[in-house]
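Structure first, commentary second.
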Amino acid sequence: MPRVKGGPGTRRRHKRQLKLAAGYVGGRKLYRQARSTAEKGLTYAYRDRKQKKRTFRALWVVRINALAREHGLNYSRFINGLKKAGVELDRKQLALLAKERSTLFDELARTAKQALA
């Protein structure tokens, strides 16, 4: 049986993998290394799209907690007070208020305290 080298199809496939590994250092310009590195990079990208959501929520909680403590509440009591008061703001919006509009956040803290009392 004659030997088949692949030709254009193989070259196209190799170029696609090398393009994915563009910008990597070392021997990543070689097909085999580029392929495994790009595959691992795509795996990390998939995983970290999920982790980014967790990381940002944790950041928002830290920001909310910092300002809530200035008003004599901890994070969980602040959130509980807001829920009892019927305020429906998600953590992203609360963190934005804590960072940019502290006067409005002060009002929310007062509302939460009144609902808990």
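The values are calculated or read from the model by the stated rules, or taken from the named source; none is laboratory data. Just so it is clear, the structure is predicted and the values come from calculations on it, not from any experiment. Glycine also receives a Cβ, built like all others from the backbone with ideal geometry; neighbour counts cover every protein chain displayed.
Applying a threshold of 8 Å to beta carbon distances and a minimum spacing of six or more residues, or different chains, the list of pairs starting in region 37-57 at a residue that is surrounded by 10 or more Cβ atoms within 10 Å (Cβ to Cβ) and ending at one that is assigned to a helix (DSSP H, G or I) reads ALA38/GLN17; ALA38/LEU20; GLY41/LEU20; LEU42/LEU20; PHE56/LYS92; ARG57/ARG91.
Okay, residues lined up against (1) more than 24 Å from the chain's Cα centre (by Cα); (2) among the aromatic types (Phe, Trp, Tyr); (3) over 30 Å from LYS113 (Cα atoms):
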| position | (1), (2), (3) |
| --- | --- |
| GLY6 | yes, no, yes |
| GLN17 | yes, no, yes |
| VAL25 | yes, no, yes |
| GLY41 | no, no, yes |
| ARG63 | no, no, no |
| ALA66 | no, no, no |
| GLY86 | yes, no, no |
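The one condition from (1) under 26 Å from LYS52 (Cα atoms); (2) modelled with pLDDT of 90 or more; (3) surrounded by 12 or more Cβ atoms within 10 Å (Cβ to Cβ); (4) not β-branched (Val, Ile, Thr) that LYS113 does not meet is (1). Can you say whether ALA38 is assigned to a helix (DSSP H, G or I), at pLDDT below 95 and closer than 30 Å to GLN17 by Cβ, as far as the supplied structure shows? Yes, satisfied.
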